[in-house]
Amino acid sequence: MTTYPRPSPLPSGIARVTRDRLLLSAPPDRASQGILRYALGFPFQAGPRTMGIMAMRTLEATPNYGYLDGSDVILLDDLVQPRPEQVFPATRNAIEPGPAGEPPQLQLRGPMLGGFVPLGALRPDGSPHPHAGTGFGIAQSQRFPFVDDRFQWSDPQRLDMNEAYQLAYDGKSFTTRLSHRWMQKSGEPLRIGDTDWAVLTDWLSTAIPDGDDLLLPTLGAKVDRSALSVGVIRWARRGGAWTPVDYDPVEVTPGPVPEGPNPKERCPWMEPSLARDADGSLLVAARGADTFHDAGPTGSGYVLRVWRSTSPGKWETIVNVPAARLNSPVTVNVTADGSAYLVSNPYDRAFIPETDATGRGRERVALWPLNSTRTGVQSAMIVRDCLREFGPPPTLGRPDQPPEKWMADHANGVTVRLADGQWRHILCYRLCHYPRYRNYGTPPSPHNGCAVEEIVTTGPARPTWRFSE
């Protein structure tokens, strides 16, 4: 049973968001083809005055759309460009022999997300945290036939998997070890403890502490495939390894649970995020997916939705704002002073419905502070306007293809402490440009990468972790 802290006064609010504070652009290594760039980034506290970022790698300027290459873990004690020795390989693609007479197989690895107990962390009573310096990661992985350096996301032979990793940091080196691999299809799930739930697919925020354990949002499915749900997994470290032990479903939808490629895009909700509010309650947001098939501004694909829990197993919808965002990733976050907010791409009727002609409409990033009663949102604050700031994106100028579009998305925030001892709220999001779901080999712009910004607030900081120093 989770014990929540006593309620405290609500925070003062968000003052501003920095711009161009840090761009993680190119990894220090070189690719055998294409151009390597960072994309999605998920921050976490790694040590007493060190933050980590689980940074997804992409191969751009190739004939393949969505050519991912796993993740690096980048350690920072200040918001400046990292040195090569601060970058640690976490996961990587692999090319493996296929069955006899078949082409080779590409094991393509997506972004790693998870949770971490920072080195030197203490329990609330001041005793050493038993799992300090360890954590876990989960990454989706796909296996494709790989012919002439090409793969297809729609390939009927594609296999979808979840991979679990054990993470460790000793103050000098950050290590990643693959511990388990499960198929996403029925019959071979990543089961959550002794429950009848299993992990279906991914989420959009790093885990938060809860006692000695870590809580991670996920899109789950019943083991018998009779229902699915966004929810919260409890991860515990047992026998020297982090493992999922319990599940708290937020909103359950009867099945059937989708099979095959991209199951999340056929679920009512997907890509959940999780944060702890200033009063100790849990907040969950998720991206509605219904408008991939039934476009309309009142559908869940354009809604800002937040659920809240003040005790395990009890969730209520507290925010439901229609026609507020585009059908793109959305996360709920809580700043250093406890101000809660949502962040996504703001609604624009010009991009409805989403088509090749309009592009994806993700040129702008906005955040919506939750009001003091947590029943709605305040006016949107624009964080980034790519078209206004950067001008048109680069293009190969092929008139037979859709135009390139800026994409600034997958924004998520975490409060961390850096070298100066100050607690800061870090916001990470991806910057890139593509035609809709396609790639024609356009070289990346100087703006492509993982943007790392700070959300500055007016109230006193609330530490996420306790340290002796």
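Counted as qualifying within region 115-189 are the strands (runs of 3 or more DSSP E) with 1 or more residues that are among the basic types (K, R), namely 134-145, 174-183.
If you go through region 212-245 and keep only what is more than 30 Å from P128 (Cα to Cα), in a strand (DSSP E or B) and of a type in the set (G, A, S), you end up with G220, A221, A227, S229.
Picking from residues in region 308-332 that are under 25 Å from T373 (Cβ atoms) and not in a strand (DSSP E or B), the one that is modelled with the highest pLDDT is V330.
From the list A39, A26, the one residue that fits, being small (G, A, S), modelled with pLDDT of 95 or more and assigned to a loop (DSSP other than H, G, I, E, B), is A26. Checked against (1) without any contact (Cβ under 8 Å) to a residue 24 or more places away in the chain; (2) surrounded by 14 or more Cβ atoms within 10 Å (Cβ to Cβ); (3) under 26 Å from P249 (Cα atoms), S141 passes all but a single condition, namely (1). For A90, the conditions (1) within 25 Å of V383 (Cα to Cα); (2) crowded, with 17+ Cβ neighbours inside 10 Å all hold with the exception of (1). How many of the residues making up region 374-414 are touching a Leu at 6+ places or on another chain (Cβ under 9 Å) and assigned to a loop (DSSP other than H, G, I, E, B)? The qualifying residues number 6.
Take R177 and tell me if it is over 23 Å from G240 (Cα atoms), at pLDDT 90 or above and of a type in the set (D, E, K, R). It is false that R177 is over 23 Å from G240 (Cα atoms), at pLDDT 90 or above and of a type in the set (D, E, K, R). Scanning region 54-109 for residues that are of a type in the set (D, E, K, R) and either modelled with pLDDT under 95 or part of a strand (DSSP E or B) (or both) turns up R57, E60, D69, D72, E96, E102, R109. The residue list P444, P460 contains one member that is on the phi < 0 side of the Ramachandran plot and buried (at least 20 other Cβ atoms within 10 Å of the Cβ), which is P444. Screening R305 on (1) surrounded by 15 or more Cβ atoms within 10 Å (Cβ to Cβ); (2) at pLDDT below 90; (3) among the charged types (D, E, K, R) shows it passes everything except condition (2).
Looking only at residues in region 275-302 that are more than 14 Å from E251 (Cβ to Cβ) and hydrophobic (A, V, I, L, M, F, W, C), the one that is modelled with the highest pLDDT is A275. Scanning region 13-65 for residues that are under 27 Å from A380 (Cβ atoms), β-branched (V, I, T) and surrounded by fewer than 18 Cβ atoms within 10 Å (Cβ to Cβ) turns up just one, T18.
The values are calculated or read from the model by the stated rules, or taken from the named source; none is laboratory data. Note that the structure is a prediction, hence the values are computed from the model and not measured. In this analysis, Cβ positions are derived from the backbone assuming ideal geometry, glycine residues included, and neighbour counts consider all displayed protein chains.
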